[in-house]
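S.K.: Could you have a look at this structure, given as structure tokens, before my questions?
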Amino acid sequence: MSSPAPVASPRTVADKSEKPALLAAIRMALEIESAAVRHNTQAFNSGRYLATAEIPDYDRLKDKARATKEAAIARLPELLATLEASVKRNGGHFFLAKTGEEAGRYITKVCTDHQVRLVVKGKSMTSEEIHLNHYLEAAGIEVAETDLAEFILQIADEQPSHLIGPAIHYSRERITALFKRKFQTDLPLDTGEELTRFAREMLRQKFLNADAGISGANFVAADTGSIVLVESEGNIRLTSQLPPLHIAITGVEKVLPKREDLGPFIELIAPSATGQGLASYTTVLTPPLTAAPLMSDRVTQREFHLVLVDNGRLQMREDPVLHEALYCIRCSACLNSCANFQTVGGHAFGGETYSGGIGGSWEAGTRGLLNARFSELCTGCSRCVMQCPVRIDIPWLNSNLRERINERDLEKSGGILEKAAAAQFRAKAPLPKIFFGRYDLFGKWGTRLAPLSNWVNHLPLTRALMERLVGVDRRRELPSFPNKSLAHAARRSAPARSSPDRGRAALFPDIFTNYGSPERGVATVEVLRSFGIDLVLTEVSPDGRASLSQGLIRTAEQQAKRTGEVLLKYIRDGREIIVIEPSALAMLRLDYRRFLSPDIFEQIRAHSFEGVEYLWRIFQERQLDVADFFAASRHPLGARLFYHSHCQQKTIGAAAPTEAFLRAAGFDVVTSRVECCGMAGSFGYKKDFYDLSMAVGQDLFNQVRAAEAEGGRRTLVATGTSCQEQLHAGLQRKVFHPMEVLAAIQKNL
Amino acid sequence: MLLPEPNWCTVVTNLAMSSISSAPRHDLVQQFETAATSAAASVERVIYAAGALAAAVKKIATGRIAVGQTLDLPSDLFSELRKLPGVVTGRSKQELATCDVGITEAFAGVARTGSVCVAVDHDYSGSISLLARMHIAVLSAEKITERPGDLFNPQFLNGKAMRRNFVFITGPSATADMGPLVRGVHGPHKLHIIILE
């Protein structure tokens, strides 16, 4: 199939503050960069899982790092004063730059004062942020980027696409082509070794002749003035130690109170970043060094400047939400664990400098809110949340950015109709956001009016209008509104055979199940009641997930409070809460801490379960054998399954119980190994993101195909509604909920 | 940038938390050796004596050799090393940048990650350990500690570590920026660790 030519090039994707530019960048990335980005990020991602699993006190280290960061940012002005005194006491120079321009001018002046002609530079995102090279080059100073990825970007004149692997979008083949074109050389450059040797020899000459070295700093200790430099190639060691003049530039947020605090960070950063125990080189320096600089026959005295950049950070510190982004140690775990990022990389899912889930807050803080528009690519799937070494709630940051951008967009370009809709729904957001965010209302009316609503929905004119007005892609099959909601259907199912000692529970009919796919709810009711659970249904109440994901945070909060009251009533009555849709369950177990008082949140968190998770717990507690009740051999479609768990289900630990339960029943289960299916709730329904969503889904579809190529057909099973839709869209096959599988066994007994 | 290999992570056998050397010495050395090997360094155990050390180096080091001064180890431990053929004595840019082998003391080793800690501001040990294609690090078995964080414990080495400019070296320099994993970038292609027992 031929695709349209990309309308953007990697060199023109920096500014994505307007929607069309963002969409063009996505198209470009899908076409040119996706394969290399996917390969590299997925290697990082699996490496991180392995490496962090080897750290016995991983969670304790994360807690410690988080606490240290919280304290450091809270005390930042005081720490900066301490640090300034420490650096000066050591014989170095300290400069706090209010803006990027101030930093650029200061560093350029230091260099011209020393008659510097050639600067070797280590990788520094802060220097990218402030365009340091432009200032130096304007003063006639040659700047050699010595990190091999930055070397590639400097030659290609492109922006970074990843926080730690800035040229992650380049395949080996494309690097070879680039070098051949730029250097006009006949040398063989067809392997990683040959390319590396070529670059090494070219850069070794630069190192030996450099007058100054400019590095970043991963961490700075205020009490001693020590800096930490983490790298694999050795170029940062050369940059910081060979030339007589060393300038380190970094953001003010990198300052920690004491050198003693460094331990947890050093132990976390490399496993989280590249999946190594430590990077090849982790250097701890308290500059200036005392040994005479090797690379200068003239100068015997070393000079050191520490340049700390504010450039919006101290304002971020005052922001009730964005200040959390200042804890970031730039390990990139959130990028690598993100299915969307794995598919397009930072040229689409990133701003001019910072990329991925955390990048939106940084671009908003250092460059302005609309530069965070790419954070729309955060689906809130939450896979990054447990990966962050300082436990930043990245989806929460992005929901808040969305709320702010919604408001700006509505003010700037909303028409009369849109503004009226916003007033009607009390949400300052464009219409598509309201449509997806208030699915509870559309679902309710659609179900009341079914089958008429379904007939209307499937008219080509309706689909065209929906695409136009609210952005639902017309290639997506819409879930039909059921003739009867779950609440309605279940009321008529008799509470058969309940025996109180089995357990008492209340099923919460989330809006996705209730109005979208009640059959899995009906199956849940049947399975639990047949097993003897005393099960009732709670009132229908939107849990707030849909609103939160669209940035309608105030609406989500109101819905959470109302739902919290509903659920609490049943919990106080001694019932556990069963939630079918994992995104709704994750709302209760994770996000409600933002909206409810700590004790109410804790009660809801501790008493909410996914259905199979709940059953598994009962079987464990009573030491019952699953196969006695749900023998896989009795499943009408056979005992071979392919099971895909939902992204948020994995994050809250509700995926493993289903896998365990199905295996205990005797099923031969192959599980998917993807972070997210790509649909991510409403994300894949949106016209703007349909192609990206389907591209993300390819990994999952291919895993199903590979599993079936090996040993024949498997029944497809998924817990999330949108995962079911996505699998169905990619493979054109029926997809079952685990409870439907169990219900089929019960019926077959 | 460096992409991980499948067996990149080190094997952790000791679950004790941040004390300096709670595990028995023998286990720490074993753990260190396993971790360093999986980080692509080579490891060799040698008797704690100047002659034995020089003999071990002689087997693998050819060409121009730079030998750094000892730091915590007694200086006469390196005395036989300095008599090896090819040892350069100057400290100029020309001499150090053209060496084939650089030998330095590692004042500490980290069992969990297989890292060696080299003081970079001591007789050009930073350059000696970085500019040659092969780096040989000499580590006393007694100086192997459990985890990287120990180096930031104010009591470690009686507080000396907290004042040092040093680098944790974990395997040879490496990159994946050019596509596949390549060892030997701006730093050594080969890291050989000699543990003195």
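S.K.: Checking A:THR176 against (1) of a type in the set (Val, Ile, Thr); (2) surrounded by fewer than 15 Cβ atoms within 10 Å (Cβ to Cβ); (3) in a helix (DSSP H, G or I), which single condition isn't satisfied?
M.R.: Condition (2) is where A:THR176 drops out.
S.K.: Further question: Whether any residue in segment B:160-167 is free of Cβ contacts under 8 Å to residues at least 60 places away in the same chain, in contact with a Cys (Cβ under 6 Å, 6 or more places away or on another chain) and at the interface with another protein chain (Cβ under 10 Å from one of its Cβ atoms) is what I want to check.
M.R.: Scanning segment B:160-167 turns up at least one residue that is free of Cβ contacts under 8 Å to residues at least 60 places away in the same chain, in contact with a Cys (Cβ under 6 Å, 6 or more places away or on another chain) and at the interface with another protein chain (Cβ under 10 Å from one of its Cβ atoms).
S.K.: Right, here's the next one. Restricting attention to segment B:46-100, which residues are within 14 Å of chain A (Cβ to nearest Cβ) and in contact (Cβ under 8 Å) with a residue 12 or more places away in the chain?
M.R.: Answer for segment B:46-100, where residues must be within 14 Å of chain A (Cβ to nearest Cβ) and in contact (Cβ under 8 Å) with a residue 12 or more places away in the chain: B:ALA66, B:GLY68, B:GLN69, B:LEU71, B:VAL88, B:ARG91, B:GLU95, B:LEU96, B:ALA97, B:THR98, B:CYS99.
S.K.: Which fully enclosed strands (runs of 3 or more DSSP E) of segment A:64-149 have 3 or more residues being hydrophobic (A, V, I, L, M, F, W, C)? Let's see the steps before the verdict.
M.R.: Details: elements: A:93-97, A:118-121, A:142-145.
The qualifying strands (runs of 3 or more DSSP E) are A:93-97, A:118-121.
S.K.: If you don't mind, another one. Using the structure shown, decide if A:ARG259 is basic (Lys, Arg) and either more than 12 Å from chain B (Cβ to nearest Cβ) or touching a residue at least 60 places away in the same chain (Cβ under 8 Å) (or both).
M.R.: Spelling it out, it is not the case that A:ARG259 is basic (Lys, Arg) and either more than 12 Å from chain B (Cβ to nearest Cβ) or touching a residue at least 60 places away in the same chain (Cβ under 8 Å) (or both).
S.K.: Can I ask one more? Only one of A:ARG204, A:ARG237 is farther than 30 Å from A:GLN42 by Cβ and of a type in the set (D, E, K, R); which?
M.R.: Of A:ARG204, A:ARG237, the one residue that is farther than 30 Å from A:GLN42 by Cβ and of a type in the set (D, E, K, R) is A:ARG204.
S.K.: Here is a follow-up. Checking A:LYS64 against (1) surrounded by 18 or more Cβ atoms within 10 Å (Cβ to Cβ); (2) at positive phi; (3) not hydrophobic (A, V, I, L, M, F, W, C), which test does it fail?
M.R.: Here A:LYS64 meets the rest and fails (2).
S.K.: Scan segment A:474-489 for residues that are buried (at least 19 other Cβ atoms within 10 Å of the Cβ) and either within 27 Å of the chain's Cα centre (by Cα) or not aliphatic (A, V, I, L, M) (or both) and report the count.
M.R.: 5
S.K.: Next question. Please specify each residue of segment A:227-241 satisfying the condition of being more than 7 Å from every other protein chain (Cβ to nearest Cβ) and not aliphatic (A, V, I, L, M).
M.R.: A:GLU231, A:THR239, A:SER240
S.K.: Could you grab me the full set of residues in segment B:122-159 that are within 8 Å of another protein chain (Cβ to nearest Cβ) and either part of a strand (DSSP E or B) or of a type in the set (Phe, Trp, Tyr) (or both)?
M.R.: Passing the criteria: B:TYR124, B:PHE152.
S.K.: Please list, ordered by first then second residue, the pairs with beta carbon atoms under 8 Å, 6 or more apart or interchain, first in segment A:202-225 and farther than 20 Å from A:THR108 by Cβ, second in a loop (DSSP other than H, G, I, E, B) and β-branched (Val, Ile, Thr).
M.R.: A:LEU203/A:THR146; A:PHE207/A:THR146; A:ASN218/A:ILE329; A:PHE219/A:ILE329; A:THR224/A:THR286; A:GLY225/A:THR286
S.K.: Quick one: would you say A:ALA29 is at the interface with chain B (Cβ under 9 Å from one of its Cβ atoms) and at pLDDT 95 or above?
M.R.: No, not satisfied.
S.K.: Further question: Would a scan of segment A:658-674 turn up a residue that is within 30 Å of A:GLY437 (Cβ to Cβ) and not small (Gly, Ala, Ser)?
M.R.: yes
S.K.: Determine if segment B:22-45 includes at least one residue that is within 14 Å of chain A (Cβ to nearest Cβ), surrounded by fewer than 23 Cβ atoms within 10 Å (Cβ to Cβ), more than 30 Å from A:LEU208 (Cβ to Cβ) and at pLDDT below 95.
M.R.: Yes: segment B:22-45 contains one or more residues that are within 14 Å of chain A (Cβ to nearest Cβ), surrounded by fewer than 23 Cβ atoms within 10 Å (Cβ to Cβ), more than 30 Å from A:LEU208 (Cβ to Cβ) and at pLDDT below 95.
S.K.: A further question on this structure: Determine whether A:LYS88 is over 30 Å from A:ALA695 (Cα atoms), in contact with a Cys (Cβ under 9 Å, 6 or more places away or on another chain), modelled with pLDDT of 95 or more and more than 12 Å from chain B (Cβ to nearest Cβ).
M.R.: For A:LYS88, the condition - over 30 Å from A:ALA695 (Cα atoms), in contact with a Cys (Cβ under 9 Å, 6 or more places away or on another chain), modelled with pLDDT of 95 or more and more than 12 Å from chain B (Cβ to nearest Cβ) - is not met.
S.K.: Tell me which of these A:PRO166 doesn't satisfy, since it passes every other one: (1) within 32 Å of the chain's Cα centre (by Cα); (2) modelled with pLDDT under 95.
M.R.: Condition not satisfied by A:PRO166: (2).
S.K.: Right, here's the next one. I need a count of the residues in segment A:717-749 that are within 22 Å of A:LYS686 (Cα to Cα), of a type in the set (S, T, N, Q) and assigned to a helix (DSSP H, G or I).
M.R.: Going through segment A:717-749 one residue at a time, the tally reaches 4.
S.K.: Another question, if that's okay. If you take the residues in segment A:389-416 that are within 23 Å of the chain's Cα centre (by Cα) and among the polar types (S, T, N, Q), which one is modelled with the lowest pLDDT?
M.R.: That would be A:ASN406.
S.K.: Shifting gears a bit: Would you pick out the residues in segment A:627-658 that are assigned to a helix (DSSP H, G or I) and either crowded, with 17+ Cβ neighbours inside 10 Å or at positive phi (or both)?
M.R.: Listed by number, the residues that qualify are A:PHE629, A:ALA632, A:CYS647, A:GLN648, A:GLN649, A:LYS650, A:THR651, A:PRO657, A:THR658.
S.K.: Same structure, new question: Counting only residues that are in contact with a Gly (Cβ under 9 Å, 6 or more places away or on another chain) and of a type in the set (Phe, Trp, Tyr), how many does segment A:102-151 have?
M.R.: The qualifying residues number 1.
S.K.: Here's a follow-up. Tell me the residue from A:GLU18, A:GLU70, A:GLU101 that is over 30 Å from A:GLY225 (Cβ atoms), away from chain B (no Cβ under 14 Å) and surrounded by fewer than 21 Cβ atoms within 10 Å (Cβ to Cβ), please.
M.R.: That would be A:GLU18, the only listed residue that is over 30 Å from A:GLY225 (Cβ atoms), away from chain B (no Cβ under 14 Å) and surrounded by fewer than 21 Cβ atoms within 10 Å (Cβ to Cβ).
S.K.: I'd like the residue in segment A:197-226 that is in a strand (DSSP E or B) and facing chain B (nearest Cβ under 10 Å) and, out of all such residues, is nearest to A:ASN90 (Cα to Cα).
M.R.: The selected residue is A:SER226.
S.K.: Restricting attention to segment A:557-611, which residues are touching a Leu at 6+ places or on another chain (Cβ under 8 Å), crowded, with 20+ Cβ neighbours inside 10 Å and under 12 Å from A:ILE652 (Cα atoms)?
M.R.: Scanning segment A:557-611 gives A:MET587, A:LEU588, A:ASP591, A:SER608, A:PHE609, A:GLU610.
S.K.: Shifting gears a bit: Looking only at segment A:672-690, how many residues end up being over 22 Å from A:ASN336 (Cβ atoms) and outside any helix (DSSP H, G or I)?
M.R.: 2
S.K.: Restricting segment A:179-196 to residues that are of a type in the set (Val, Ile, Thr) and assigned to a loop (DSSP other than H, G, I, E, B), which is farthest from the other protein chains (Cβ to nearest Cβ)?
M.R.: Taking the candidates together, the pick is A:THR185.
S.K.: Among the residues of segment A:612-626, is any within 30 Å of A:GLY437 (Cβ to Cβ), buried (at least 17 other Cβ atoms within 10 Å of the Cβ), in contact (Cβ under 8 Å) with a residue 40 or more places away in the chain and charged (D, E, K, R)? Before the answer, list the steps.
M.R.: The initial filter retains those residues of segment A:612-626 that are within 30 Å of A:GLY437 (Cβ to Cβ), namely A:612-614.
Add one more test, that the residue is buried (at least 17 other Cβ atoms within 10 Å of the Cβ), and what stays is A:612-614.
Checking the rest, the ones that are also in contact (Cβ under 8 Å) with a residue 40 or more places away in the chain come to A:612-614.
The next check asks that each one be charged (D, E, K, R); those that pass are A:613.
Yes, segment A:612-626 has at least one match.
S.K.: Can you find even one residue in segment A:287-301 that is among the charged types (D, E, K, R), at the interface with chain B (Cβ under 9 Å from one of its Cβ atoms) and either in contact with a strand residue (DSSP E or B) (Cβ under 9 Å, 6 or more places away or on another chain) or touching a residue at least 60 places away in the same chain (Cβ under 8 Å) (or both)?
M.R.: Within segment A:287-301, not a single residue is among the charged types (D, E, K, R), at the interface with chain B (Cβ under 9 Å from one of its Cβ atoms) and either in contact with a strand residue (DSSP E or B) (Cβ under 9 Å, 6 or more places away or on another chain) or touching a residue at least 60 places away in the same chain (Cβ under 8 Å) (or both).
S.K.: I'd like to verify a number: residues in segment B:168-197 that are assigned to a loop (DSSP other than H, G, I, E, B) and at the interface with chain A (Cβ under 9 Å from one of its Cβ atoms), how many?
M.R.: Total meeting the criteria: 15.
S.K.: Determine, yes or no, whether B:LEU157 is modelled with pLDDT of 95 or more and surrounded by fewer than 24 Cβ atoms within 10 Å (Cβ to Cβ).
M.R.: yes
The values are calculated or read from the model by the stated rules, or taken from the named source; none is laboratory data. Since the structure is predicted, the reported quantities are computational estimates derived from the model, not experimental observations. Reconstructed Cβ throughout: ideal geometry from the backbone, glycine too, with neighbour counts over all protein chains shown.
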